[in-house]
Amino acid sequence: NLDSLQKRFGKIVLMDPYDNTKCGVYMIRQIKKKYKHNNLTLMAYNCGESGARRLWEKGVYSTKYSRKITEYYNNFKKECRKEQ
């Protein structure tokens with residue numbers, strides 16, 4: 001992934017929090033276009049597409065990682081609504 005990310009953004013340092021977040025968000029956005037559903041997107045991001053596909057073939061459509069990130073996202077949305 002690093003080569004394609006550097007072609008897109010130029011020099012990046014993945015240990016830099018700004019670069020890491022920018023690249024992660026970009027990658028998730030690209031994967032989301034393909035898989036639509038949040039759990040499938042997060043599985044493909046975390047496991048790689050081939051790893052996620054192997055899990056889907058076994059009937060697994062969420063992982064500990066995808067559930068945890070979804071929980072963070074839902075809590076964040078709730079907090080944002082409270083602040084409005």
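The values are calculated or read from the model by the stated rules, or taken from the named source; none is laboratory data. Bear in mind the structure is a predicted one, so any value in this text is a computation, not a measurement. Note: ideal-geometry Cβ built from the backbone for every residue, glycine included; neighbour counts use all protein chains shown. Note: accessible area is taken over every heavy atom of the protein model, side chains too, but ligands, DNA and RNA are not part of it. Shrake-Rupley method; radii C 1.70, N 1.55, O 1.52, S 1.80 Å.
Placing +1 on the Cβ of every Lys and Arg and -1 on the Cβ of every Asp and Glu, with nothing else charged, gives the chain a dipole about its Cα centre of roughly 320 debye.
The relative contact order of the chain comes to 19 percent, based on Cα pairs under 8 Å that sit 6 or more residues apart.
What part of the accessible area of the chain, given as a whole %, is carbon or sulfur when the probe is 1.4 angstrom? The nonpolar share, carbon plus sulfur, comes to 54 percent. For Ile28, Ile12, the ranking by accessible surface with the largest value first comes to Ile28, Ile12, using a 1.4 Å probe.
When the listed pairs Lys11/Lys77; Lys22/Lys68; Lys36/Lys78 are checked against a 28 Å cut-off, the alpha-carbon distance exceeds it for Lys11/Lys77. On a per residue basis, the chain carries 78 Å² of accessible surface, using protein heavy atoms and a 1.4 Å probe. Helices that extend 15 Å or more along their long axis by alpha-carbon positions and average at least -0.5 on the Kyte-Doolittle scale are absent among the DSSP H runs of the chain. With a Förster radius of 30 Å applied to the beta-carbon distance between Glu57 and Ser4, the computed FRET efficiency rounds to 0.70. Taking the inverse of the mean reciprocal distance over all distinct Cα pairs, the Kirkwood hydrodynamic radius of the chain comes to 14.2 Å.
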